[in-house]
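Every number in this text was worked out from the coordinates using simple rules, so none of it is lab data. These numbers come from a predicted model, not from an experiment. Every residue, glycine among them, receives a Cβ derived from its backbone with ideal geometry; neighbour counts consider all protein chains shown.
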Amino acid sequence: MRRRRILVMIPAEHDPLPVDLSGMSERDIAPFKTEYDVVATLESLGHEVRPLGVESDIDVLGEAVKEFRPHVVFNLIEEFAHRGMNVAYVLGYLEMIRQSYTGCNPVGMILSNDKAMQRKILRHHRIHTPDFIIVRQGCAVRRPKRLEFPLIVKALTLHGSVGISQASVVRDDERLEERVRFMHEHTGDHVIVERFIEGRELYVGMLGNRRIETFPLWELHIDRLPEGSPLIATGKLKWDLRYQERVGVKTEVARDIPDALERRIIAVCKRAYRVLQQTGYCRMDLRLDAAGRPWLIESNPNPQLSFGEDFAEAAEAGGTPYPQLIQRIVNLGLRYRVE
């Protein structure tokens, strides 16, 4: 393995990263854990690593590339100038200056960022995804009869379960209107209202550019889910460590999935990866309904890369330990131009 110069783009508020985590609690570390884990792992692999805080000035990135001359830029930012959509344009800038980078390409990032655009493409290719409508800012809800309850209300372009709570799943028009109004006011984003698929929540980690590798099917479990509450990954569930402990959140290899169904799920995910023009790595989120039919909910081209999180755990279960996973992501970034 060759030693590489790697520039790691991280959120500006996490730059500089702490050198020593001694005395810090899990809650203290959580906000920058992904960045710390990736940088520390790259260094342990023998690479020359330079973290760079990126916020809203593209010249900061350009100057760092000129000065450091990285072999590859490792992308760990989820927004630029306070917008998630802008990350694709940052990656486009790197392409224009012919700088290799890790993760998804700009086109694939844009197609996955807009949930409605993503679903339209998937449906065109006959991939099962829930029926939906878009309710834009300032517009009233007009639910067509074909869109039956229960429904789930989400921000159109925000990810990481922003704005998602138990109240996001609605079962009548009154609650639907209330939730759409709430989301418009509190997220500033347009809203997508889609059929809520009641059933198991599955994830499929994927790695590759043209040749795609999938990790074992992963499943979300909540041991102490309040009675009558839908099984969904709310914002609180994802980011509140104390709440996770209280309700018994765990994710693990999905059990009792027939081989034929698993092959079908993997085939669907690979097809979606290609039609959404994904590269590098991603996580596909699915629901498995009571009839055993898989529904693709969305592609996440920027999943958490922390050690011990779902993506890394699924990779390890499939035979790719964390250091090897990070190195393979680097290799895919370096090869993206020639594959």
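Summary of values
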| read-out | value |
| --- | --- |
| Added length on full extension, which subtracts the Cα-Cα distance from 0.36 nm per residue, residue 27 to residue 260 | 79.8 nm |
| Spacing of the two label points (7 Å from each Cα toward its C-beta) at residue 334 and residue 241, in nm | 3.4 nm |
| Unit charges on C-beta of K, R, D, E only; dipole of the stretch 5-103, Debye | 360 debye |
| Stretchable slack from residue 275 to residue 291, in nm (0.36 nm times residue separation minus alpha-carbon distance) | 3.1 nm |
| For the stretch 1-54 and the stretch 82-160, distance of Cα centres in Å | 29 Å |
| Least to most buried among 35, 13, 198, 316 (fewest other Cβ within 10 Å first) | 13, 198, 316, 35 |
| Under 13 Å from the Cα of residue 115 - aspartates and glutamates, other chains or at least 8 residues apart | 131, 189, 194, 285, 298 |
| Inter-centroid distance (Cα atoms) of the stretch 276-296 relative to the stretch 176-239, Å | 11 Å |
| Sparse-neighbour loop sites [GluC sites (Glu not before Pro); the stretch 43-130; at most 15 other C-beta within 10 Å; DSSP] | 55, 78 |
| Leading residue at positive end of dipole, the stretch 149-213 (Cβ point charges), from 157, 192, 205 | 205 |
| The stretch 93-137, dipole about Cα centre (Lys/Arg Cβ +1, Asp/Glu Cβ -1), debye to the nearest 20 | 160 debye |
| Exceeding the 18 Å Cα-Cα cut-off - candidates 120/154; 120/236; 154/250; 33/270; 33/238 | 120/236; 154/250; 33/270 |
| Among [x] 27; [y] 13; [z] 18, the entry derived from the coordinates for percent of Cα pairs over 39 Å apart | [y] |
| Least to most buried among 210, 181 (fewest other Cβ within 10 Å first) | 210, 181 |
| Pairwise label distance in nanometres, residue 172 with residue 107, each label 7 Å out on the Cα-Cβ vector | 4.8 nm |
| Helical mean residue ellipticity (222 nm; -39500 (n - 2.57) per DSSP H run of 4+; nearest 500) of the chain | -10500 deg cm²/dmol |
| Relative exposure of 154, 238, 33, 66, judged by other C-beta atoms within 10 Å (fewest first) | 66, 238, 33, 154 |
| Test item: Cα-centred dipole of the stretch 129-195, Lys/Arg +1 and Asp/Glu -1 on Cβ, debye | 160 debye |
| Extension reserve of the residue 63-residue 165 stretch, reckoned as 0.36 nm per residue once the Cα distance is removed | 32.6 nm |
| Lys/Arg +1, Asp/Glu -1 at C-beta; the chain dipole; positive extreme among 282, 64, 167 | 282 |
| Prolate/oblate/rounded call for the stretch 129-195, Cα gyration tensor, a/c under 1.5 rounded | rounded |
